[in-house]
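Undergrad: Here's a structure for you.
Just so you know, all these numbers are worked out from the coordinates, no wet-lab data involved. As the structure is a computational prediction, the values presented were derived from the model and not from experiment. Using ideal geometry, Cβ is built from the backbone for each residue, glycine included, and neighbour counts are taken over all protein chains shown.
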């Protein structure tokens, strides 16, 4: 996710004055409404400046992805993020001439108390991801937020579909988990996830658990672009289709009648995948819906790119 959004982020920095400015086409900075008395304290409220969070634990998920848990300053506080939003990280990696800012979508939800969890993919040439992957428990990283992908309103749509590729699963997972945690939200969800190989599939067990416990409100479809969905030992991975995200797959899985009438489609993935599925972005990050979804008859009023 971090690489996907970074391409839409313009960053200018003045090291001498210590001033960093940024503008994004995928997010807007939002100051949450005041909470009722007795509600948990929000850590991030859209305030100016960054806050340091301490890395509590690190888990190596696969060959290039880590799950990192950052403690909030107050253990009984919540992050202050809303569905569906991200945190903007600020770091100054060794050898970098200017600070690096990258947005990350936590896989923990706004109701999570005491910490935020990030799933960060390492890119060999990525300064931010390389720095974050070098952190050890006890180290600190600066954040601000929330940066809103899409201001989610419970039951605004009867049906939604999320189409994700690789690390683009993170904002989708946050939204799915948040919807299913809200007893008042009855939205039905279809998730289609594409990955290069079985070893690249993220959050498979967590998604399977959510699907089992959703009362048939969540349907998850995984597809593998290379090979036939088998692991390195040749064993077939359960629940994995083979092939890329295609017009045939989306035509089979998505209900155009339901989505066009009272639904929404969210797309997040690598640039090539997003372009194939939903068309090219315009100069400011948005463009007319094209690609497979355009061919299937979906327009901008239905499709949203994270």
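Undergrad: Quote the FRET efficiency, to the nearest 0.05, computed for residue 219 versus residue 184 with a Förster distance R0 of 22 Å and r equal to the Cβ-Cβ distance.
TA: 0.55
Undergrad: Give, in nm to one decimal, the length gained when the segment between residue 56 and residue 208 is fully stretched (0.36 nm per residue of separation minus the Cα-Cα distance). All intermediate terms of the calculation are to be shown ahead of the outcome.
TA: Values: separation 152, 0.36 × 152 = 54.72 nm, distance 2.62 nm.
Between residue 56 and residue 208, full extension yields an extra 52.1 nm.
Undergrad: Please state, as a whole number in µm²/s, the translational diffusion coefficient that the Stokes-Einstein equation yields for region 56-101 at 4 °C and 1.567 mPa s, with Rh defined as the Kirkwood radius across alpha carbon pairs. Don't skip to the end; give the middle numbers.
TA: Values: Rh = 13.6 Å.
Value of D from the Cα-based Kirkwood radius: 95 µm²/s.
Undergrad: Based on the mean of other Cβ atoms within 10 Å per residue, sort peptides 261-269, 107-115 so the most packed one is first.
TA: My ranking of the peptides, most packed first, is 261-269, 107-115.
Undergrad: What does the convex hull of the alpha-carbon atoms of region 159-305 project to on average, in nm²?
TA: Details: hull surface 34.8 nm².
Average projection, Cα convex hull of region 159-305: 8.7 nm².
Undergrad: Express in nm, to one decimal, how much length is gained between residue 241 and residue 45 on full extension, taking 0.36 nm for each residue of separation and deducting their alpha carbon distance.
TA: Working: separation 196, 0.36 × 196 = 70.56 nm, distance 4.15 nm.
Result for the pair: 66.4 nm of gain on full extension.
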